[in-house]
Every structure is written in structure tokens, then in C-alpha cells.
Amino acid sequence: MDWSWEVAFDVLPQLARGLIVTIQATFVAAFLAYILGLIIAIIRMSKSKILGVTIYWISEFIRRTPILVQLYFLFYVLPDLGIFLTPFFAGVVGLGVHFSTYTSEVFRAGIENVPKAQWEAAKSLNYNKIQTWQKVILPQAIPPMVPPLANYLITMFKETPLLAAITVVELFRAADQYSNSHYKYLEPMTLVGVFFLLVSIPSAIAAMKLENKFKLKNL
């Protein structure tokens with residue numbers, strides 16, 4: 001089977017549109033994962049044991065079940081319950097909620113690494129809980145979290161082909177649609193791999209630089 005540049009150039013516009021959807025889905029899902037992850041981490045560290053244990057087991061259930069099953073539930077099962085989600089919304093919610101269970105561990109570790117003396121200092125300044133989190137704890141906890149959170153962003157980007165299962169026309173599904181219509185698979189699927197490499201490799205290098213930067217600061 002020979003490579004055809006004609007086919008490659010013909011499929012490029014469709015793949016470019018799919019790549020845009022892929023990037024959009026990644027960043028929206030990552031934003032959701034970071035926000036929910038922080039909320040989960042804070043709840044798990046609360047004084048309420050019942051609430052902490054409940055959130056723990058919910059997180060474990062989500063983490064231990066496949067993303068694909070969760071996506072199918074959101075898009076295909078929820079309509080039976082009267083809840084209808086668009087493919088894109090169901091996709092970003094599925095990815096975001098799933099990865100929030102991982103980012104929550106990053107946030108929790110970062111928060112627990114803040115010295116207890118900092119909490120006492122906030123009390124001595126008469127800060128309330130919100131001021132303590134905003135002005136003392138999070139500014140110290142978040143910087144070391146940046147490298148692992150960036151790595152999860154890259155992982156989410158590489159998981160976006162799963163959204164094709166719920167009809168989101170991201171990069172992989174765009175290639176699959178073209179291949180099934182024209183019976184050409186070599187060029188579209190090869191270009192999908194190239195596109196993923198072009199985005200993920202620079203992102204991985206940036207994440208490594210961030211990690212080295214924060215390691216040097218902590219020395």
C-alpha cells in the first residue's frame with residue numbers, strides 16, 4: 001500500500017477541524033478536573049469523617065472504572081432518565097470528572113506539604129477560612145503542583161480519542177470518518193499520530209522544564 005500525498009492533503013482540513021475540537025475538549029475537561037479536584041481535596045481534608053469517607057469511595061469508584069464506560073453512561077444511559085447531554089458536553093464532563101479523582105490527590109499532597117506553622121500564622125493574623133486558603137495556603141501549595149497537573153493535561157489530550165465513541169468529531173473520529181468514506185486508512189491515521197506527536201511532545205518538554213524549575217527552587 002503506497003502513501004498518497006493527494007489523500008494526505010485532501011484529509012488535512014478535516015483533521016485540522018478535529019484537532020481544534022480535541023484541544024478545546026482537553027482544556028475544558030482539564031479546567032473541570034482542576035476545579036473539581038481542588039474541591040474534592042478540600043472536602044477530604046475536612047473534619048467531617050462521614051463526608052470525607054463518602055467522597056473517598058465515590059472518587060475510588062470513578063477512578064477504578066473505565067472512562068469509556070463512564071462516557072457511555074453520560075451519553076447513552078442518562079437520556080433514559082430524561083437527561084440529555086450534547087456529545088461535546090458529555091465528553092468533557094466525563095474526562096473532567098474522571099481525572100478530577102487524580103488531580104485531587106495532587107492538590108491534597110500539595111496542601112499537606114504546607115508547614116503547619118503557616119496555618120498557625122494565618123490564625124495569628126485573624127484570617128478567616130477563606131482568607132487562609134486564598135492568601136496563605138494555596139499560594140504556597142499550588143506552585144509545586146504545576147508539573148504533575150501539566151502531565152495530567154497531556155494525558156487528557158491523549159485520551160480524547162475515546163470521545164469518538166460518543167460521536168464527538170475530534171481528531172481521531174475526523175480521520176475515521178474520512179477513512180470510512182474514501183476507504184483510505186494509511187494517510188489519515190498516520191497523520192492523526194503525527195498531530196498527536198506535534199502537540200504532546202512540546203507539551204511534555206514544557207512539563208519537564210516546569211518540573212526542573214520547581215525542583216531547583218526547592219533545593
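For this structure, a couple of remarks:
- Some residue of segment 30-43 being more than 30 Å from TYR178 (Cα to Cα), open to solvent by 70 Å² or more (accessible area, probe 1.4 Å) and not in a helix (DSSP H, G or I): no
- Taken over segment 158-175, the criterion of being open to solvent by 10 Å² or more (accessible area, probe 1.4 Å), out of contact with any His (no Cβ under 9 Å at 6 or more places or on another chain) and either in a helix (DSSP H, G or I) or closer than 12 Å to PHE195 by Cα (or both) is satisfied by LYS158, PRO161, LEU162, ALA164, ALA165, PHE172, ARG173.
- Of the helices (runs of 4 or more DSSP H) contained entirely in segment 54-156, those carrying at least 3 residues that are open to solvent by less than 80 Å² (accessible area, probe 1.4 Å) and within 16 Å of ILE35 (Cα to Cα) fall at 87-112.
- PHE9 being open to solvent by 90 Å² or more (accessible area, probe 1.4 Å), in a helix (DSSP H, G or I) and either of a type outside the set (Phe, Trp, Tyr) or closer than 21 Å to GLN177 by Cβ (or both): yes
The values are calculated or read from the model by the stated rules, or taken from the named source; none is laboratory data. Given the structure is predicted, the values throughout are model-derived calculations rather than measurements. Methodologically, a virtual Cβ is constructed for each residue, glycine included, from the backbone with ideal geometry; neighbour enumeration extends over all protein chains shown. Areas reflect the complete protein model, heavy atoms only, side chains present, ligands, DNA and RNA absent. Shrake-Rupley method; radii C 1.70, N 1.55, O 1.52, S 1.80 Å.
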